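No value in this document is a laboratory result; all are computed from the given coordinates. These numbers were taken from a predicted model, which means no experiment stands behind them. We place every Cβ from the backbone using ideal geometry, glycine too, and count neighbours over all the protein chains shown.
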Amino acid sequence: MNSILITGCSSGIGLCVARGLHARGYRVFATARKPEDVARLQKEGLESLLLDLDDSASIQHAVDEILARTDGKLYALFNNGAYGQPGAVEDLSRDTLRAQFETNLFGWHELTCLVLPVMRKQGHGRIIQNSSVLGLVALKFRGAYNASKYALEGLSDTLRQELEGSNIHISLIEPGPIESRFRANGVAHFKNRIDIEHSPFREQYHKTLNRLRAEGPVVPFTLPPEAVLKKVIHALESPRPKPRYYVTFPTYLFGYLRRLLSSRALDRLLSKI
Ligand SMILES: NC(=O)c1ccc[n+]([C@@H]2O[C@H](COP(=O)([O-])OP(=O)(O)OC[C@H]3O[C@@H](n4cnc5c(N)ncnc54)[C@H](OP(=O)(O)O)[C@@H]3O)[C@@H](O)[C@H]2O)c1
């Protein structure tokens, strides 16, 4: 039975992929950072452990525990747990930007580096990175998140070249809007971390918050998380997994347009979103 470690399984894509792969016969280690979520996942029959990407000891402990249960083997890693820190670039403190990178990049990197020796030893492995369309193009007020996903793309492109011939495959998944708790979690980070009242964008921030309160986060072309699960399955089971998987129409559109348009023309288009 192929085993897979997944981060961020409390909700959204991680939860859907954990359930989907479990049903498909994988041995899924569905990790989450809160004990109550681990208990909930265990209750529904998943093998679940604590893993907080902001905490090196927690990452090491989860990997040790999983390897102890699998006789030192792990078929795949799905790096998924992350959050989006909204706010204009000039409103991001050093701590806020660092926190975004701690979770979305440094934790993923640390976990990947713990798993790679295991994969090298067993002679095969799959690493799947849940990036974003915002790893391909940038949107206003998403600077911290854009930067973390651009950095992930760069690190993964390098690692793919370094892993050539190792029989360890690394794939990036680039979803556009997916149904999950991502936007709700982002609003909480926005309120906690951004000094709204002293920002030059104060009015825009209030308008956006009011709109979200009134309409909820309605984003066109949103797909359910099963759309990501489909690509994860291909990356796990294809003899030749792809370096990149696009998910949702906006990713196909902007993946194409960023090659076609000048930076100025692309900016004009993106700033309308
Ligand atoms: N939804 C989208 O539109 C979309 C689009 C493109 C890419 N993505 C990517 O998809 C991935 C999953 O997001 P989602 O859409 O499923 O959102 P979500 O429902 O908010 O799920 C995010 C998961 O990450 C976990 N997480 C946050 N901080 C963590 C930490 N320090 N350690 C471990 N886990 C942590 C969350 O746990 P808690 O519940 O404890 O916070 C949650 O389980 C992310 O990498 C995101 O960038 C999402």
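Which of the listed residues, 167, 141, 238, is farthest toward the dipole's positive end in the stretch 138-259, when Lys, Arg count +1 and Asp, Glu count -1 at the beta-carbon?
Highest projection toward the positive end goes to 141.
Among residues other than residue 119 whose Cβ falls under 11 Å from its Cβ, what is the net charge (Lys/Arg +1, Asp/Glu -1)?
Taking every Cβ under 11 Å from that of residue 119, the sum is +4.
Determine the dipole magnitude for the chain: charges of +1 sit on the beta-carbon of Lys and Arg, -1 on that of Asp and Glu, nothing else is charged, the reference point is the Cα centre, and the result goes in debye to the nearest 20.
Roughly 860 debye for the chain.
How many Lys pairs in the stretch 3-270 lie less than 22 angstrom apart by Cα atoms, where the lysines are 8 or more positions apart or on different chains?
Lysine pairs meeting the criterion: 13.
When the helices in the chain are scored as -39500 (n - 2.57) per DSSP H run of 4 or longer and the sum is shared across all residues, what 222 nm value do you end up with, to the nearest 500 deg cm²/dmol?
So the calculated ellipticity at 222 nm is -15500 deg cm²/dmol.
What span do the alpha-carbon atoms of the stretch 1-142 cover on each of the three principal axes, reported in whole Å from largest to smallest?
Result, largest extent first: 48, 33, 28 Å.
Among 6-17, 55-66, 131-142, what's the highest-first ranking by average C-beta atoms within 10 angstrom per residue?
Ranking the peptides 6-17, 55-66, 131-142 by packing returns 6-17, 131-142, 55-66.
If you plug each phi of the stretch 244-258 into the Karplus form 6.51 cos²θ - 1.76 cosθ + 1.60 with θ = phi - 60°, what whole-Hz ³J(HN,Hα) values come out, in order, with x for Gly and Pro?
Ordered by residue, 3J(HN,Hα) equals 9, 10, 7, 9, 5, 4, x, 5, 4, 5, 6, x, 7, 5, 5 Hz.
Testing the spin-label approximation: label points 7 Å from Cα along Cα→Cβ at residue 95 and residue 122. State their distance in nm.
Reported label-point gap for residue 95 and residue 122 is 4.1 nm.
In the neighborhood of residue 53, defined by Cβ-to-Cβ distances under 12 Å, what is the net charge if each Lys or Arg adds +1 and each Asp or Glu adds -1?
The answer is -4.
Say each of residue 195 and residue 55 gets a label point 7 Å from the Cα, pointing the same way as Cα to Cβ; how far apart are those two points in nm?
So the two model labels end up 3.0 nm from each other.
Sort 158, 248 so that the residue with the fewest other Cβ atoms within 10 Å of its own Cβ comes first and the one with the most comes last.
Going from least to most buried by this count: 158, 248.
Taking H placed 1.01 Å from N in the peptide plane, check which residues at least 5 places from residue 29 or on another chain put their amide H under 5 Å from its amide H.
Those qualifying (amide H under 5 Å, at least 5 residues apart or on another chain) are 4, 5, 6.
Would you kindly compute the Cα radius of gyration of the chain and its largest Cα-Cα separation (Dmax), both in Å?
18.7, 56
Report the net charge of residues surrounding residue 138, where surrounding means a beta-carbon distance below 14 angstrom and charges are Lys +1, Arg +1, Asp -1, Glu -1.
Within the 14 Å Cβ shell, the charges total +4.
Using the basic label-point model (7 angstrom from Cα toward the beta carbon), what is the residue 139 to residue 184 distance in nanometres?
In this crude spin-label approximation the distance works out to 1.9 nm.
For residue 263 and residue 106 in one chain, what is 0.36 nm times their gap in residues minus the Cα-Cα distance, to one decimal in nm?
53.6 nm
Rounding to the nearest 20 debye, state how big the charge dipole of the stretch 49-90 is about its Cα centre with +1 on each Lys and Arg Cβ and -1 on each Asp and Glu Cβ.
Taking the Cα centre of the stretch 49-90 as origin, the dipole is about 240 debye.
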